[in-house]
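For reference, the structure is listed below as structure tokens.
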Amino acid sequence: MTAEINIKSTSGTTQVLIGGGVLAKTGTVIAARLGCRKVAIISDETVAALYLDVVEKSLRDAGFDTGAVIIPAGEASKSFATLEDVCGKLLAFGLERGDAVVALGGGVVGDLAGLAANLTRRGVNLVMAPTTVLAQVDSSIGGKTAINTALGKNLVGTFYPAKLVISDTDTLNTLPGREVRAGYAEIVKHAILAGAGHFAFLEKRVDGFIKGDPEIRTETIKKSVQVKAAIVEADEREDGPRMTLNLGHTFGHALEGIAGFDGTLLHGEAVAFGLVLAFQYAAFRGLEGSGDLARVMALLEKAGLATTLMKAGLTPTAEAMLGFMTQDKKNVRGAIRLVVPRAIGDVTIEEVAPEDLDQFLQSVNT
Ligand SMILES: NC(=O)c1ccc[n+]([C@@H]2O[C@H](COP(=O)([O-])OP(=O)(O)OC[C@H]3O[C@@H](n4cnc5c(N)ncnc54)[C@H](O)[C@@H]3O)[C@@H](O)[C@H]2O)c1
Ligand SMILES: [Zn+2]
């Protein structure tokens, strides 16, 4: 089964194809959508070893002149140095504005390759071929590109939506289980935003998704992409409703910051804790009376994600958490902008004083 979703933005339409085996059709799909001659594949060492051949063959069979730029795997590649190197190689390959870049890999490759594609010759065509759960449901959708700086993650970047997203769910078969589970936290986040029907859909299929049932993976990823697509269509530049996608992330980013981005806590694992903390915060304020906190914890746990900080050996102080939360990019005038879930399908964006959060963080029995 191949699912297709089209997402509108001010720069055009992003065509998203989701299904097992779609990577082998990269050449024909690009040929049908983009009239270009050269295609440069940007990938990391791990993903290139697994999937570069199939993409290159597909492109060559469709008549494209292909080249590849391989970067080291890992967050450290989202740097000015790697960006410069990649742009230089795209130019040396002779890429012209009408040509295309294929970002083959997870969110790191997508964020970096997206920015390189946007900057090279003021914008060549961008095709995303995401190979992680996180990249298929989240980073390949919505057009955000980024690199990191010494002052923080994702602080330099642009909005540059892809023309095409080719999400091959079969590639998830080689993804380490821990990465699959971490990516699932973003799927849970999308379901909380979408509502009870979507959440119940996941509750029935979580085991199949984690075990690798191909139909369930394709269907689940399709539904998750539809949620993000609808939100970014309504608010491309993140001036309003798109901020709800930050659910669980203000707490999550603080936990990641404390853990130190060294692989001890993956982004999605931090988001799982963050979703629980967001519901606990709503309960602390007396806003959450639905019992949905227990449902969210149960679903995350079924996916194999930890939900209790203490059990996971993490005991951040309120002071350390607040230290990171007060630095968040999305804050306004000293208040912390928080997405507060009252129930599944009912979230609001609130500006919370650091003192109020301090009280919650002191009180929470993690
Ligand atoms: N642009 C956005 O809107 C957005 C949204 C969310 C996250 N992000 C960014 O995404 C990044 C995280 O992305 P990620 O979780 O995909 O991490 P990642 O790109 O680092 O991939 C995780 C690991 O899995 C490996 N891998 C990827 N696909 C594989 C496969 N199919 N089989 C085996 N190994 C594979 C990679 O080499 C890497 O070691 C962060 O930098 C984050 O800031 C961006
Ligand atoms: Zn996230």
Semi-axes of the stretch 54-100 from the Cα gyration tensor (sqrt of 5 times each eigenvalue, largest first, whole Å) come to 23, 15, 7
If you bin every alpha carbon distance in the chain into 10 Å steps from zero, what whole percent lands in each bin? 5, 26, 34, 24, 10, 2, 0
Sequence-separation-based contact order of the stretch 2-174, relative, with Cα cut under 8 Å and 6+ spacing, percent: 26 percent
Computed D for the stretch 96-191, Stokes-Einstein, Kirkwood radius over alpha-carbon pairs, 4 °C, 1.567 mPa s, to the nearest µm² per second, is 95 µm²/s
Enumerate the amide H contacts of SER11 below 5 Å, restricted to partners 5 or more residues apart or on another chain; note that Pro and chain-start residues carry no placed amide H. none
For the stretch 1-54, compute the orientation-averaged projected area of the C-alpha convex hull (one quarter of its surface), in nm². 4.8 nm²
Only helices counted: for the chain, with every DSSP H run of 4 or more residues adding -39500 (n - 2.57) and the sum spread over all residues, [θ] at 222 nm is -14500 deg cm²/dmol
Quick calc: nm separation of the 7 Å Cα→Cβ label points for THR315 and PHE261 -> 2.8 nm
Looks like the stretch 270-339, by Cα gyration tensor root eigenvalues a ≥ b ≥ c and the a/c under 1.5 rounded cutoff (else prolate when a/b is bigger than b/c, oblate otherwise), is oblate
Mind checking which aspartates and glutamates have their C-alpha under 15 Å from LYS38, skipping anything on the same chain fewer than 8 residues away? GLU56, ASP61, ASP65, GLU96, ASP99
How far is helix 45-61 tilted, in degrees, relative to the longest principal axis of the Cα atoms in the chain, given as a value from 0 to 90 rounded to the nearest 10? 40 degrees
Long-range amide H partners of ILE41, meaning residues 5 or more apart or on another chain whose placed amide H is closer than 5 Å, are GLY67, ALA68, VAL69, VAL102
For LYS302, go through the lysines and keep the ones whose alpha-carbon is under 26 Å away, minus same-chain ones fewer than eight residues off. LYS189, LYS204, LYS211, LYS222, LYS223, LYS228, LYS311
What is the log10 of I(q)/I(0) for the stretch 2-174, computed with the Debye formula using one identical point scatterer on each Cα and no solvent, at q = 0.14 Å⁻¹? -0.62
Just want to confirm a number: the relative contact order over the chain, from Cα pairs under 8 angstrom separated by 6+ residues, in percent. 14 percent
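No value in this document is a laboratory result; all are computed from the given coordinates. Source: prediction; values computed, not measured. Here the Cβ is made from the backbone with ideal geometry for all residues, glycine too, and neighbour counts use every protein chain on show.
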